[in-house]
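Comments concern the structure below.
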Amino acid sequence: MRQFCFLLKVLFLCSTASAQQGSIRGFINDADLKVPLTGASVNIAGNKGDNSDIFGMFNIPGIHPGQYEMTVSHIGYRTEIINVEVKPDLLSSVNVNLKKNNLDLSEVKVNAKKGSALNIISAVDIKLRPVNTSQDVLRIVPGLFIAQHAGGGKAEQIFLRGYDIDHGTDISISVDGMPVNMVSHAHGQGYADLHFLIPETVEKVNFDKGPYNAGKGNLATAAYVDFSTKDFLENNSIKLEAGQFNTQRAFGQFKVLNKQTEKSRQQFYVASEYSTTDGYFESPQDFHRLNVMGKYSAWFGNQSQLTILASTFDSKWDASGQVPDRAVKAGIIGRFGAIDNQEGGNTSRINVTVKYNHQRKSGWKATDQVYFSRYKFNLYSNFTFFLDDPVNGDMINQREARNIFGFSTTESKSYLLGNKKTTTEFGAGFRMDDVSDIELAKAPNRIFKESIQKGDIKEFNGYLYVNQDVELSNKWNLNASLRHDNFKFQYKDKLAGATAFSKKKRGIVSPKLNISYAPNQKVKLYLNNGFGFHSNDTRVILMKEADEILPRVFGTDLGLIIKPNKKLILKTALWHLYSQQEFVYVGDAGVVEPSGKTRRMGVDVSARYQFNKWLYGDIDINVTKARAIGEAKGENFVPLAPSFTSIGGITARAPNGFSGSLRYRFIGKRPGNEDYSISAEGYLLLDFVAAFRIKKFEFHISIENVLNREWKEAQFDTQSKLKWEVNSVSEIHYTPGTPLFLKGGITFTL
């Protein structure tokens, strides 16, 4: 009885103390655009703080009464320090308008919340790194390397954390909430063609490595990347560029509607780009691409936001394909020559999406989105030359037409659980891919010969998840979530004469647990754990009766973010990823082959440093060990898995209008096959960009591969046969990387 009375007394004292505490709540807006500002850091004494949400809202509960200095900061904005009085049992309201300013790393704060760790590095990089192409946009992710090997119109091959991700098997990519990846694609699972994204329209890049986010499902194993385009333009602008190899590009963005009242802010703008080039190969690429995007954004107070986006994209190109080492060494062709210069293709995509963010009176915050994409793909490739057909050659044609329908909804609410700030989020949605006439055919010299595969695909993915975030104290934060995905795979094999779809269903549950500790605003430790997965190709599942339909990936990250002084940010992580099943796409057979279990482990290190008000430095170093499980030592290498990569550079943004950046990219030698008897060569490249602004004009120049190195971009161990050869040969086939490439341009701001 005495113990029970003591417990009641403790609970009474705790509730009394809690009742005497106050709280601070408010909104943070962009002072110029007059719209809510997401991701601002709000901190007061005692390491208490919060980040503003999509409505610009923040809430700091459980504050002892008194006078406080509240620091409000955001990367790229001027920090504001505001005096706030907190009274017992009362809510103090504060509204803050932040003005844009030059990047200052001293404004970056660290707290225990999980979300703050994801965007610190990317928010700095998007302000610093020059972004000239769609490829540059992807390179914002530290440690991510890409390779183009089909004339510039095909989706890039991606490397990250010891994965040869092919075109997207182990990375989930989205733009404004729309998925970029194509499941069960004609040219590989998870195919992610990002070329419809106009680089100048990108405002934010959110990413995380590993399968630790409940909002991400299929393919989000090595990482996910979310691109957000600008909701509002500050100025109209026109850009014209020209460079070597008959390269031209024109870009423009214009405000068509721009209204502002005390209760609303609306804008509709249009952006477009057209680019063309012959490329640096002996056979001209004749590359053409047109992008058009229109976006309407409206804020109604700080309570609701409506965005409507529509875009269209079309490209066509020729390609010289991959070069066999032996043909170049023998002098049969040059580095930029071709065995079959009839490769190439065309692709197009139309996107429409509507998103509505709304803050309910009950305190729940909702986001609802619908999207639709119409996509067409047509590609000609020849990987093996004359291996199968010694007379006409082995060129294949892959094509498809696809409709994608999707819907997602989230509901979240922050509240006190006892005296702990807690946020609960529920999410649900679906995605439906309806693919017509997905085909693999023999087509030497682009002339149809016969179909190898042809059919229709319907693939449905429905999901729901719950995500719980608890601030255990001012220093500790716990994030736990559970996600369930359900799939329905359907395929109609037209070559087999099928009149109905064969079907298979499968579901998977993915738990996640993330813990972080921030003893102060300079140091943060975090431990992330989670299960993710990638799906297999529908055709393989139903034609080959595959056992591995949704193989899991389990990951762990132990990381540290530290600000030892105002000018330096360091981020490092020890990580481990275990995959139940690897998939390797065999293009000329149109199948995805299982290659067994793998284990990857490594170290990531990133540093950002500000030398003075206008000079910055950055470096990323990634060390990885990737091995197959169950194979003999020395025969367990994962082909093309990078073991060492590094990128970095120096960026200047002077007050006199000059800006420039000198950057390097390095990837080390890596195994070309399982026993490392064949190697994929590494490379070190330097790139340079510079710009000078005079009033409304900006003149800029870029130089890729400043040292004019001879390097191999995409590399594969391929069995092939040249027309005059008696026997086939297995060796490295590669796409030569760009030589020194000079491009200049002018931007006029209206």
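Nothing in this text is a laboratory measurement; each read-out follows from the coordinates by a stated rule. Model, not experiment: these values are computed from the prediction. Cβ coordinates were reconstructed from backbone atoms using ideal geometry, including for glycine residues, and neighbour counts include every protein chain displayed.
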Exercise. Over the chain, what is the mean sequence separation of C-alpha contacts under 8 Å (at least six apart), divided by residue count, expressed as relative contact order in percent?
Worked result: 10 percent
Exercise. Assigning unit charges at the beta carbon (Lys, Arg +1; Asp, Glu -1) and nothing else, what dipole magnitude in debye, to the nearest 20, does the range 174-749 show about its Cα centre?
Worked result: 2580 debye
Problem set entry | Debye log10 I(q)/I(0) at q = 0.07 Å⁻¹ for the chain, Cα point scatterers | -0.51
Exercise. So what J values fall out for the range 358-374 if you push phi through Karplus, 6.51 cos²θ - 1.76 cosθ + 1.60 with θ = phi - 60°, rounded to Hz, Gly and Pro as x?
Worked result: 9, 9, 7, 5, 6, x, 6, 10, 10, 10, 10, 9, 10, 8, 9, 9, 10
Seminar exercise, completed: Expected vector for the range 69-80, Karplus 3J(HN,Hα) from phi with 6.51, -1.76, 1.60 and θ = phi - 60°, integer Hz, x for Gly and Pro, equals 9, 9, 9, 10, 9, 7, 4, x, 10, 6, 5, 10
For this session: Measure nothing but the geometry: give the 0 to 90° angle between the long axis through the Cα atoms of 114-128 and the longest principal axis through the Cα atoms of the chain, rounded to 10°.
Result: 60 degrees
For this session: Enter the Cα centre distance for the pair the range 616-642 and the range 33-70, rounded to the nearest angstrom.
Result: 42 Å
Exercise. Which length gain, in nm to one decimal place, applies between residue 236 and residue 669 when the Cα-Cα distance is subtracted from 0.36 nm times their residue separation?
Worked result: 151.4 nm
Problem set entry | Unit charges at the beta carbon, dipole of the chain: most positive-side option, 526, 583, 252 | 526
For this session: Can you tell me the 0 to 90 degree angle between the C-alpha axis of helix 2-19 and the longest principal axis of the chain, rounded to 10?
Result: 80 degrees
